[in-house]
Amino acid sequence: MNPAFRRVLGYDIIELTGRPLVDFIHSDDVEATKAVLTSLGDGLPVENFVNRYRCADGSIRWLAWNSSPATRDGRIYAVAR
């Protein structure tokens, strides 16, 4: 989690790293997000995937993602706007 992602959602690093990512995703978008994560794990890139996140202040933010497949160590590189 980089500083920009923390700023967008309003959580501190301990909150973001102490819980699964899906805890921050809007409940209506969890299944689609899990499917995208599976695709990334299978080595497929993802372009312009849009989902919603619950921010610390209770608001909802829409993010559009471009992501590279997971690396050998399980990392996923992603850019959102």
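The values are calculated or read from the model by the stated rules, or taken from the named source; none is laboratory data. What you see is a predicted model; the values in this text were computed from it and never measured. With ideal geometry, Cβ positions are generated from the backbone for all residues, glycine too; neighbour counts draw on all protein chains shown. We work out accessible area using only protein heavy atoms, side chains counted, and drop any ligands, DNA or RNA first. Shrake-Rupley method; radii C 1.70, N 1.55, O 1.52, S 1.80 Å.
Checking each residue in the stretch 39-48 for being open to solvent by 80 Å² or more (accessible area, probe 1.4 Å) and at negative phi picks out ASP42, LEU44, PRO45, GLU47. Can you tell me which residues in the stretch 1-12 are surrounded by 12 or more Cβ atoms within 10 Å (Cβ to Cβ) and either modelled with pLDDT under 90 or closer than 16 Å to ALA78 by Cα (or both)? Hits for the stretch 1-12 are MET1, PHE5, ARG6, VAL8, LEU9.
Just the residues that are assigned to a strand (DSSP E or B), of a type outside the set (A, V, I, L, M) and within 10 Å of the chain's Cα centre (by Cα), please, taken from the stretch 22-48. Within the stretch 22-48, none qualify.
All but one of (1) surrounded by 10 or more Cβ atoms within 10 Å (Cβ to Cβ); (2) out of contact with any Pro (no Cβ under 8 Å at 6 or more places or on another chain) hold for ASP73; state the number of the condition that does not hold. Evaluating ASP73 over (1) surrounded by 10 or more Cβ atoms within 10 Å (Cβ to Cβ); (2) out of contact with any Pro (no Cβ under 8 Å at 6 or more places or on another chain) leaves (1) as the failure. TYR53 - would you say it is over 10 Å from the mean Cα position of the chain (by Cα), under 17 Å from ASN2 (Cα atoms) and hydroxyl-bearing (Ser, Thr, Tyr)? Against the criterion (over 10 Å from the mean Cα position of the chain (by Cα), under 17 Å from ASN2 (Cα atoms) and hydroxyl-bearing (Ser, Thr, Tyr)), TYR53 does not qualify. The set of residues from the stretch 49-64 being of a type in the set (A, V, I, L, M, F, W, C), open to solvent by less than 40 Å² (accessible area, probe 1.4 Å) and in contact (Cβ under 8 Å) with a residue 24 or more places away in the chain comprises CYS55, LEU63.
Any idea which of (1) at pLDDT below 95; (2) under 19 Å from ASN2 (Cα atoms) is the one GLY43 doesn't satisfy? Going through the list (1) at pLDDT below 95; (2) under 19 Å from ASN2 (Cα atoms), GLY43 breaks only (2).
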